[in-house]
Amino acid sequence: MNRAIEYSSESLQIHQSNGDDSEVAQNYHFLADLYLHQKQYKSSLSYCMEALEIEQHVYGECSDESAKTLNAIGAVRSMQNEFKLAMESHKEALRVLKECHGEDLQGNPLVSQTLCQIGAVYYRERNALSTIKSKKDDYSTFVEAGMLEVIGRAHEERGSYKMAIAFFEEKLQFLENDNQDGAREDLATTLNSLGMLSSRAGLFVEALDYYERALAVQRTLGCDNIYVATAQVLKGTVQYQLGLWNQSLEFLQSALATLREELGLNHETVAATLYHIGVVKASVCDYDSAMAALNDALQIQSNLLGDDHPAALRTRREIGNMFAVYPTEMETAFEHFSSVLSGQQKIHGMKHPNIAETLHAIGCAYSRKGDFSTALKILEECYYMRLEFLGVDHPLQATTLHEIAKIHVKRESYKKAIRICDTVLDIRKESLSEGHIDFARALA
């Protein structure tokens, strides 16, 4: 490490003598990282500040480069337990990004990173022994400013569902003790958000509980038909995950009729309901009905949101899965998957749970085609990508492992297949129960 610092310092002197400011700034960042690894925070901070000064001179006061450096400064401040200064640095980074890109920053990866770092400072400060007894008012201000939800949404956008749950749970605790007007309505909304996040995290029983609690709160405020129907959709999606497909269809089809009557045929919520109906219909092998529902959903989403909206991409992927059922339509399926994957990577970068789900679909299609080497490679890529976001024990991981096991069976690698199936059974027993259809499939 010391030799790396020595060489980097020599490189810095050369770039300084040549007057190459951008290279000098990069050298400062490299040295800052080296000192950070050695926990020499003052030296690291000093180099970050030097880099920031150059970047503001080269790129102007507002640039992505300056925002990244401000975040780096905030991270070092946080490690020094200088939480107020750290928070100021990250908030300044957020202000710079707004100046660069405007107020609507949804979907900007650097904004999500900044918000997540603000959240990290919040938790580091809260858990610090020196502040644990004296910061309640600061936390209230933090919540009232909406930062907990904003940070939770940033984690959700990045696919870090369990971290998002932690911030929404934090917000929920404050709302449950808040008697101000509007707090009850916000409480119901937060409970629904926790339900959706829990479902994505594979916590299906918890998701149902959140939805029931949200509905109970909303009933004290008065429920209209749209809210009840939306609650049915949410519960129906969880029933599907729990393997209760007939119950799921009853909820979804009942909700669809109400939503069409109340909202009209061309509405985003109607499209989402049709999507879920299509997915359930596919699971019970009613492929014609599944395709019809998915196509109806996609038409609405394309009109309202555009073909490259995450919801439309998700629907297009499921349509690809329908084509992949039929050997004669396999190439059409791959065309759908390729287009969807490209669209998702533009939105999320190269790693995200949505991208992993598409990789799973592609891997399964190659397996059906008989190209087991390609299928295995893609399914393993899917599995390892999900590890970062969902961990080892998510039901989706079990689904991908099961597909990998089936490939090993076809290759007559029975010992590998058995070991993987044992893991699949453990995951499904813990997360879904022994009565779930997916548990039975793993036994077959």
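The values are calculated or read from the model by the stated rules, or taken from the named source; none is laboratory data. None of the values given here were measured: they were computed from a predicted structure. Note: ideal-geometry Cβ built from the backbone for every residue, glycine included; neighbour counts use all protein chains shown. SASA here: full protein model, heavy atoms, side chains in, ligands and nucleic acids out. Shrake-Rupley method; radii C 1.70, N 1.55, O 1.52, S 1.80 Å.
Give me the pairs, please: first residue somewhere in region 284-300 and more than 20 Å from D438 (Cα to Cα), second residue anywhere and assigned to a loop (DSSP other than H, G, I, E, B), beta-carbon distance under 6 Å, and either six or more positions apart or on two chains.
Partner pairs satisfying both residue conditions: I300/N266.
Here's the yes/no breakdown for (1) of a type in the set (F, W, Y); (2) over 15 Å from V150 (Cβ atoms); (3) open to solvent by less than 10 Å² (accessible area, probe 1.4 Å); (4) in contact (Cβ under 8 Å) with a residue 40 or more places away in the chain:
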position: I73; (1), (2), (3), (4): no, yes, yes, no
position: N81; (1), (2), (3), (4): no, yes, no, yes
position: A86; (1), (2), (3), (4): no, yes, yes, no
position: K91; (1), (2), (3), (4): no, no, no, no
position: K98; (1), (2), (3), (4): no, no, no, no
position: E103; (1), (2), (3), (4): no, no, no, no
position: N108; (1), (2), (3), (4): no, no, no, no
position: Q113; (1), (2), (3), (4): no, no, no, yes
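Determine if region 308-315 includes at least one residue that is open to solvent by 40 Å² or more (accessible area, probe 1.4 Å) and in contact with a Phe, Trp or Tyr (Cβ under 9 Å, 6 or more places away or on another chain).
Within region 308-315, one or more residues are open to solvent by 40 Å² or more (accessible area, probe 1.4 Å) and in contact with a Phe, Trp or Tyr (Cβ under 9 Å, 6 or more places away or on another chain).
Yes or no: Q13 surrounded by 16 or more Cβ atoms within 10 Å (Cβ to Cβ), among the polar types (S, T, N, Q) and assigned to a helix (DSSP H, G or I)?
Spelling it out, it is not the case that Q13 is surrounded by 16 or more Cβ atoms within 10 Å (Cβ to Cβ), among the polar types (S, T, N, Q) and assigned to a helix (DSSP H, G or I).
Go through Q301, Q253 for me and flag whichever is in a helix (DSSP H, G or I), surrounded by fewer than 18 Cβ atoms within 10 Å (Cβ to Cβ) and in contact with a helix residue (DSSP H, G or I) (Cβ under 7 Å, 6 or more places away or on another chain).
Checking each option against the conditions leaves just Q253.
Select from region 343-360 the residues that are among the aliphatic types (A, V, I, L, M), part of a helix (DSSP H, G or I) and open to solvent by 10 Å² or more (accessible area, probe 1.4 Å) and write down the one among them that is modelled with the highest pLDDT.
So, considering only residues that are among the aliphatic types (A, V, I, L, M), part of a helix (DSSP H, G or I) and open to solvent by 10 Å² or more (accessible area, probe 1.4 Å), the one modelled with the highest pLDDT is L359.
Across region 430-444, what is the total count of residues that are open to solvent by 30 Å² or more (accessible area, probe 1.4 Å), over 19 Å from V409 (Cβ atoms) and hydrophobic (A, V, I, L, M, F, W, C)?
Looking only at that region, the number is 1.
One residue is enough: does region 374-389 have a residue meeting the conditions over 25 Å from the mean Cα position of the chain (by Cα) and either polar (S, T, N, Q) or at pLDDT 95 or above (or both)?
yes
Of the residues K68, K91, which single one is of a type in the set (D, E, K, R), modelled with pLDDT of 85 or more and more than 17 Å from R124 (Cβ to Cβ)?
Just one listed residue meets the conditions, K68.
Is it true that some residue in region 366-379 is closer than 19 Å to H436 by Cβ, touching a residue at least 12 places away in the same chain (Cβ under 8 Å) and surrounded by 15 or more Cβ atoms within 10 Å (Cβ to Cβ)?
no
Quick grid of which residues meet (1) β-branched (V, I, T); (2) touching a Lys or Arg at 6+ places or on another chain (Cβ under 6 Å); (3) open to solvent by 40 Å² or more (accessible area, probe 1.4 Å); (4) modelled with pLDDT of 95 or more:
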{"position": "L341", "(1), (2), (3), (4)": "no, no, no, yes"}
{"position": "I362", "(1), (2), (3), (4)": "yes, no, no, yes"}
{"position": "G391", "(1), (2), (3), (4)": "no, no, no, no"}
{"position": "L396", "(1), (2), (3), (4)": "no, no, yes, no"}
{"position": "R428", "(1), (2), (3), (4)": "no, no, no, no"}
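Suppose we filter E125, E185, E149 for residues that are at pLDDT 80 or above, open to solvent by less than 80 Å² (accessible area, probe 1.4 Å) and part of a helix (DSSP H, G or I); which single one remains?
That would be E149, the only listed residue that is at pLDDT 80 or above, open to solvent by less than 80 Å² (accessible area, probe 1.4 Å) and part of a helix (DSSP H, G or I).
Condition first: among the small types (G, A, S), open to solvent by 20 Å² or more (accessible area, probe 1.4 Å) and more than 24 Å from T220 (Cβ to Cβ). Now tell me which residues in region 162-182 satisfy that.
Hit for region 162-182 is A166, nothing else.
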